[in-house]
1. Given (1) within 35 Å of the chain's Cα centre (by Cα); (2) away from ligand 1 (no atom under 14 Å from the Cβ); (3) among the basic types (Lys, Arg), where does Lys181 come up short, assuming only one miss?
2. Hey, can you tell me all the residues within segment 1-36 that are modelled with pLDDT under 80 and either in contact with a Gly (Cβ under 8 Å, 6 or more places away or on another chain) or surrounded by 13 or more Cβ atoms within 10 Å (Cβ to Cβ) (or both)?
3. Could you list, in sequence order, the residues of segment 197-214 that are within 13 Å of ligand 1 (Cβ to nearest atom), touching a helix residue (DSSP H, G or I) at 6+ places or on another chain (Cβ under 8 Å) and open to solvent by 20 Å² or more (accessible area, probe 1.4 Å)?
4. Being open to solvent by 30 Å² or more (accessible area, probe 1.4 Å) and within 16 Å of ligand 1 (Cβ to nearest atom) is the filter here, so list the residues in segment 215-230 that pass it.
5. Identify all residues within segment 231-240 that are modelled with pLDDT under 90 and more than 16 Å from ligand 1 (Cβ to nearest atom); write none if there are none.
6. What helices (runs of 4 or more DSSP H) completely inside segment 171-240 contain at least 3 residues that are within 15 Å of ligand 2 (Cβ to nearest atom)?
7. Cβ-Cβ distance below 6 Å, separation of 6 or more or different chains: which pairs start in segment 26-40 with a residue that is assigned to a loop (DSSP other than H, G, I, E, B) and end on one that is surrounded by 15 or more Cβ atoms within 10 Å (Cβ to Cβ)?
8. Here is a list: Leu154, Leu158. Which entry is away from ligand 1 (no atom under 14 Å from the Cβ), of a type outside the set (Lys, Arg) and within 35 Å of the chain's Cα centre (by Cα)?
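The values are calculated or read from the model by the stated rules, or taken from the named source; none is laboratory data. Computed from a predicted structure; not experimentally measured. Because the Cβ atoms are built from the backbone with ideal geometry, glycine has one as well, and the counts that use them run over all protein chains shown. Heavy atoms of the whole protein, side chains included, go into the accessibility calculation; ligands, DNA and RNA do not. Shrake-Rupley method; radii C 1.70, N 1.55, O 1.52, S 1.80 Å.
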Amino acid sequence: MPPDPETEKLDTERARLKGGQYRIKGSENEDRIRELTRLIAAKVARRKNDIRRAYREDYFYNRPTWDVEANGQEEREYIEPAIDLYIPERAQLAEILCNQPDNLSSTELLELRILAAELMVVLCGKRETVKRNRIQRRARADVKVKEESPGPDLFPLLMDRKQCPHCIGDETLSFEERTFKYCRPAVMYDHFDRKHTQQLGSVKQMSCNHPKCREEALEFKHLNHFKNHVEQVHGVKLRA
Ligand SMILES: [Zn+2]
Ligand SMILES: [Zn+2]
């Protein structure tokens, strides 16, 4: 910071009056020199105060901006976590969604979108498998509560459209597996077609094993007959 010109002028005048002498007592300019010393001291003190105030004003005015800018810097330095996934489709999908190149043409972008959609479909298909271990672990924790309170109807006649109408009557499965809801009705149809259609098609007399129907001993001659019953009574429409 440049020195204050006024203070400098007073300083020069005082030096001239002192004439290189240290002692001023008894000198003809003693009064003026003492006055100058007082004036200089006052000016220096005021200037110090002004500088301090200006610095504080500047600091508190700019601090929030510096903080915001510093935050932005930190974000730029953020390191992407490595994609480490077991399911290949999920890993590929994450790669597409997270690390998309910047300079793609619209055709390339479209291709990437199609690929992402296809991967999502495959991934959804994979999710239908009932997680037997996980469900059993959760079921064990729930058992106590269930034994204590009879609660609502565990197997209502009207089912959810995403529940399998055959698994619900399979007493070899856990309660959670019997009442499992797939992510979409279509995924449940896939499961039904794959797991039950062949088996049901090979028996001569098929019956609805839903806990509510079992007592009635309902019998069906054809798979379509059974599907019709499931739709009418349980509210679950199966693929024809
Ligand atoms: Zn089933
Ligand atoms: Zn039934």
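1. (2)
2. Ile24, Ser27
3. Scanning segment 197-214 gives Thr197, Asn209.
4. Correct list: Leu223 only.
5. The answer is Ala240, and nothing else.
6. 211-214, 223-234
7. Asn29/Leu17
8. Selected residue: Leu154, the only one of Leu154, Leu158 that is away from ligand 1 (no atom under 14 Å from the Cβ), of a type outside the set (Lys, Arg) and within 35 Å of the chain's Cα centre (by Cα).
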